[in-house]
Amino acid sequence: IDATAALFADGKVLCGPLSYATVTVKDQLYTGKALTPDVTVKLGDKTLKKGTDYTVSYKNNKAVGTATVTVKGKGSYTGSKKVTFKIVPKAVSGLKLTAGSKKITVKWKKVSGVTGYQVQYGLKKSFSGAKTVTVKKAATVKTTIKKLKAKKTYYVRIRAYKTVKGTKYCSAWSAAKKVKTK
């Protein structure tokens, strides 16, 4: 038997190296605490059991950015596999819109630990063809979008972002709100 291949009987995985496993873990929201999300490990068509078939360890799993999960084989399963997951900022809340003459003033609640915000606006609820304004200071919680069309309904949403080692990690978009310009 090839030592690098899993051992199969009747199409079932009996043992093998975890380097062939499919390991999945979902992205997480920043909480300020070490995050230890659930991990799913599959080898062939078998879902392995944590504690029985493998152990899990985490690295860089507290701050916004990329964290690492290491799954190490146990019992009949050998080797290990590393996968990454993203830790993204919390979503922005408190979105308020004020209409003006061909402009919209957008206000929101500050999100701690971020680099800035992206405000997206457009004439379609689907945001197709929408434009994005980047607010580059985390302390700024207000911006005015100018040069808009008069008496048109605009849809607006916002998200926070943090730049870590040149990579931008974004929160989910807020719920969209609409406002009609004057």
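Could you state the accessible area per residue of the chain in Å², with a 1.4 Å probe and every protein chain left in place? Could you put the intermediate results ahead of the total?
Numbers: 10980 Å² over 182 residues.
With all protein chains present, the chain gives 60 Å² per residue.
Quick one: if you stick a label point 7 Å off each Cα along the C-beta vector at Thr68 and Gln28, how many nm between them?
Placing both labels 7 Å along Cα→Cβ, they lie 1.6 nm apart.
Please list Leu95, Leu123 in order of solvent-accessible area, largest first, computed with a 1.4 Å probe with all protein chains present.
Values: Leu95 10, Leu123 80 Å².
Most to least solvent-accessible, the answer reads Leu123, Leu95.
At 1.4 Å probe size, with no ligands or nucleic acids counted, give the accessible surface of Val25 in Å², nearest ten.
Here the residue's solvent-accessible area equals roughly 30 Å².
Hey, in the GNM for the chain with a 10 angstrom Cα cutoff, which one of Asp27, Asp53, Asp45 fluctuates hardest?
Asp45
Which residue, Ala99, Gly44, Thr55, has the largest displacement toward the positive end of the dipole of segment 30-158 when charges sit on each Cβ (Lys, Arg +1; Asp, Glu -1)?
The one lying farthest along the dipole's positive direction is Ala99.
May I ask you to derive the FRET efficiency for Lys46 and Thr167 from their Cβ-Cβ distance with R0 = 45 Å, giving the value to the nearest 0.05? Intermediate results must be reported in sequence, preceding the final value.
On the way: r = 35 Å, r/R0 = 0.77.
Efficiency computed from Cβ-Cβ geometry: 0.85.
How large is the dipole of the chain about the Cα centre if only Lys and Arg carry +1 and Asp and Glu carry -1, each at its Cβ, rounded to the nearest 20 debye?
On the way: 41 positive and 6 negative charges, 453 e Å.
The dipole of the chain has a size of about 2180 debye.
Express the C-alpha Rg of the chain as a ratio against the empirical globular expectation 2.2 N^0.38 Å, rounded to two decimals.
Numbers: Rg = 23.1 Å, N = 182, 2.2 N^0.38 = 15.9 Å.
Its radius of gyration relative to the 2.2 N^0.38 Å reference: 1.46.
Calculate one ³J(HN,Hα) per residue across segment 40-56 by plugging θ = phi - 60° into the Karplus curve 6.51 cos²θ - 1.76 cosθ + 1.60, and present them in order as whole Hz with x for glycine and proline.
Whole-Hz 3J(HN,Hα) from phi for segment 40-56: 10, 10, 10, 10, x, 9, 9, 8, 7, 9, 5, x, 9, 9, 7, 10, 10.
The values are calculated or read from the model by the stated rules, or taken from the named source; none is laboratory data. These numbers were taken from a predicted model, which means no experiment stands behind them. Neighbour counts are summed over all protein chains in view; Cβ atoms, including those assigned to glycine, are modelled from backbone coordinates with ideal geometry. Side chains included, ligands, DNA and RNA excluded: accessible areas come from the protein's heavy atoms. Shrake-Rupley method; radii C 1.70, N 1.55, O 1.52, S 1.80 Å.
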